[in-house]
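Below is one structure, written out as C-alpha cells; the observations come after it.
The values are calculated or read from the model by the stated rules, or taken from the named source; none is laboratory data. Fair warning: this is a prediction, and the values are worked out from it, not measured in the lab. Cβ atoms come from the backbone with ideal geometry, glycine included; neighbour counts cover every protein chain shown.
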Amino acid sequence: MALTLLILGIFLFIMLVVVHEFGHFIVARRNGVDIEEFGIFFPPRLWGHKTKGGWVFSINLIPLGGFVRLKGEQDSATGKRTYGGAKLGVKAKILVAGVVMNLLAAFVILTFLGWAGMPQLVSNQFTIKSDTHYIRRAHTSITVGLVEANSPASQAGIKVNDTLVSIGAGNTVHTITATDNLPKITAQFAGQRVDIVYKEGNKTFSKSVQLRTKSQIAAAVKAHKQEGYLGIALDQEQNGVALTRSTWSAPIDAAGLIGQFTALTFQGLGNALHGLGATIAGLVTVNHAAREAGQTQASSQVAGPVGIYKILKGGTLLGYQFVLMVIGIISLSLAIMNVLPIPPLDGGKLFMTLMARLFHKTLSEKVEAVASSVGFIFFILLFVLITMVDVKR
C-alpha cells in the first residue's frame, strides 16, 4: 500500500507540471497562437514525439518544471499565429493560465479532502468549525531532547528520549503538556527542591531534585551559556496526523486554506531570503557562525525533488489524505512561484512585457534572451544547491 501511494504521489507531482503547462497550451491555441513543443521537465531532451497537430511532446532531463514553446514566442516576433504578434491581453492570458490551472488543481484537491478527510498540518488551520468534526486525532508525546551535563536533570537520572510527566513541590503539581510549559514551571520553582516524575519506556520514576537558582541562571546568561533551571530541552512529537471532515463547507475550507498557506509560503520565502542574506554577509565578513546560521535558516524553508520524494515517501505511512495534501500544497506553491517577477517564470515574463509597454516599447529578442538565460542559470544553481541540502538532510 505504501509503495502504491508513493507511486501515486510521484505521478500526481508530475501531473501538476502537465496541468500548469496545459493551461498555457489550451489558452494559446484558443487564441490563435501555434504550439511548437509541449515539454515535461527542462532540456536536455530524453524523448520526443511529433503529434498530428504538428507540435512536439517531449520528456526532458532536469525535473524543475515544464514548458510550452510557442511559435514566435519572443515579444518582438511578428507574423500570423505567433505569440509576439498577439495582443497584450492575449499574452497576459496565456502567461497567467498556468497559475490559474495550479490554483484550480489545489482548490479541487483541498475540496475533496474536506469531504474525505483533511489532514491538520498547522496550528489553527482554517476550517468552518460548525461543520467540521474529527474522524481521527493525532497523539502528541513530550520527550526529552537534550540533557545538560552536571544539571539537576542529569543528577535525577533523566536521559534523552525519556518522557517528562510532571514537576511539583508540596501540593502544587504541574503536568507537562507542551514544550513551552517547562521554562515557566521551572522558573516558578527556581532554587527549590521539586519532585519530578518521568518515564523511561514503560517504567515510571519519581525523583527529588534541587533546581538551579535565578542567580545561577543570570550568571550563565552573562557568561553566554545556555542553562536552564532543570537543565533539559523538550521535543514535541506528533504521532500520526489528525483528520477532520466537513460537508457543505468543504469548498469554503479549501479557499480559506489556499489563503492561509499562501501567507505561510510568502513568510517562508521571506525567511529563506533573510537566511540567504545572512549567509552572504557571513561569507563576506568571514563570520562562520553567521554563515552557518544563515544556511540553516535558508535551507530549512525549501525542498527540491529529493526532499519532495522524501516527504511523499514518509507521507505514505500517514495515508492517501496526507499524500494528496502535499500535492495540493505543491500545486499552490507552483502557482505562487510563477507569479513572482523573476525571468524565466511566467510572472517575470509578464512583468517585463508590461514594463516595456509602459514605455511604449517592445522587448528586444536580445533582452529577453539575456534575462531568461540569467534566470535559468540561477534556477539551475538553486536546484543543485537545494538537492545538495536535501541529500545532506
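Here is the figure for region 62-71: residues that are at pLDDT 90 or above and out of contact with any Asp or Glu (no Cβ under 8 Å at 6 or more places or on another chain) total 0.
Scan region 212-235 for residues that are closer than 18 Å to D162 by Cβ and either among the aliphatic types (A, V, I, L, M) or in the same structural domain as Y320 (by TED's automatic domain parsing) (or both) and the total you get is 4. Screening the candidates V197, V165, V209 for the property of being more than 20 Å from A149 (Cα to Cα), surrounded by 14 or more Cβ atoms within 10 Å (Cβ to Cβ), in contact with a Lys or Arg (Cβ under 9 Å, 6 or more places away or on another chain) and in the same structural domain as S151 (by TED's automatic domain parsing) yields one hit, V165. V68 passes every criterion in (1) under 20 Å from A369 (Cα atoms); (2) surrounded by fewer than 18 Cβ atoms within 10 Å (Cβ to Cβ); (3) among the aliphatic types (A, V, I, L, M) apart from (2).
When N150 is tested against the conditions (1) assigned to a loop (DSSP other than H, G, I, E, B); (2) on the phi < 0 side of the Ramachandran plot; (3) outside the structural domain of F261 (by TED's automatic domain parsing); (4) at pLDDT below 90, the lone failure is (2). In summary, I185 fulfils each of the numbered conditions (1) closer than 15 Å to Q155 by Cβ; (2) at pLDDT below 90 with the single exception of condition (1).
Restricting attention to region 19-35, the residues being exposed (fewer than 14 other Cβ atoms within 10 Å of the Cβ) and either in a helix (DSSP H, G or I) or acidic (D, E) (or both) number 1.
When residues in region 106-143 are screened for being within 18 Å of G319 (Cα to Cα) and assigned to a loop (DSSP other than H, G, I, E, B), 6 of them pass. When A86 is tested against (1) without any contact (Cβ under 8 Å) to a residue 40 or more places away in the chain; (2) buried (at least 20 other Cβ atoms within 10 Å of the Cβ); (3) not aromatic (F, W, Y), just one condition goes unmet, and that condition is (1).
Consider region 214-248 and keep the residues that are buried (at least 18 other Cβ atoms within 10 Å of the Cβ) and among the small types (G, A, S). The one that is nearest to the chain's Cα centre (by Cα) is A242.
If you check R69 against the conditions, is it out of contact with any Phe, Trp or Tyr (no Cβ under 7 Å at 6 or more places or on another chain) and under 30 Å from H360 (Cβ atoms)? Spelling it out, R69 is indeed out of contact with any Phe, Trp or Tyr (no Cβ under 7 Å at 6 or more places or on another chain) and under 30 Å from H360 (Cβ atoms). If I filter region 72-112 down to residues being among the small types (G, A, S) and in contact with a Phe, Trp or Tyr (Cβ under 8 Å, 6 or more places away or on another chain), which single residue comes out as farthest from V17 (Cα to Cα)? Residue satisfying both the conditions and the ranking: A77.
Scanning region 44-97 for residues that are in contact with a strand residue (DSSP E or B) (Cβ under 8 Å, 6 or more places away or on another chain), of a type in the set (A, V, I, L, M) and assigned to a loop (DSSP other than H, G, I, E, B) turns up nothing. G85 meets the conditions (1) over 23 Å from M15 (Cβ atoms); (2) small (G, A, S); (3) under 33 Å from the mean Cα position of the chain (by Cα) in every case but one. The failed one is (3).
Residue-wise test of (1) within 30 Å of V323 (Cβ to Cβ); (2) in contact with a helix residue (DSSP H, G or I) (Cβ under 9 Å, 6 or more places away or on another chain).
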{"residue": "W47", "(1), (2)": "yes, no"}
{"residue": "S58", "(1), (2)": "yes, no"}
{"residue": "I94", "(1), (2)": "no, yes"}
{"residue": "G98", "(1), (2)": "yes, yes"}
{"residue": "Q120", "(1), (2)": "yes, no"}
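Those strands (runs of 3 or more DSSP E) of region 197-258 in which at least 3 residues are at pLDDT below 90, considering only elements entirely within it, cover 232-239.
Can M352 be described as part of a helix (DSSP H, G or I), touching a strand residue (DSSP E or B) at 6+ places or on another chain (Cβ under 8 Å) and either of a type in the set (K, R) or modelled with pLDDT of 85 or more (or both)? Judged against the criteria, M352 is not a match. Being among the hydrophobic types (A, V, I, L, M, F, W, C) and part of a strand (DSSP E or B) is a description that does not apply to I158.
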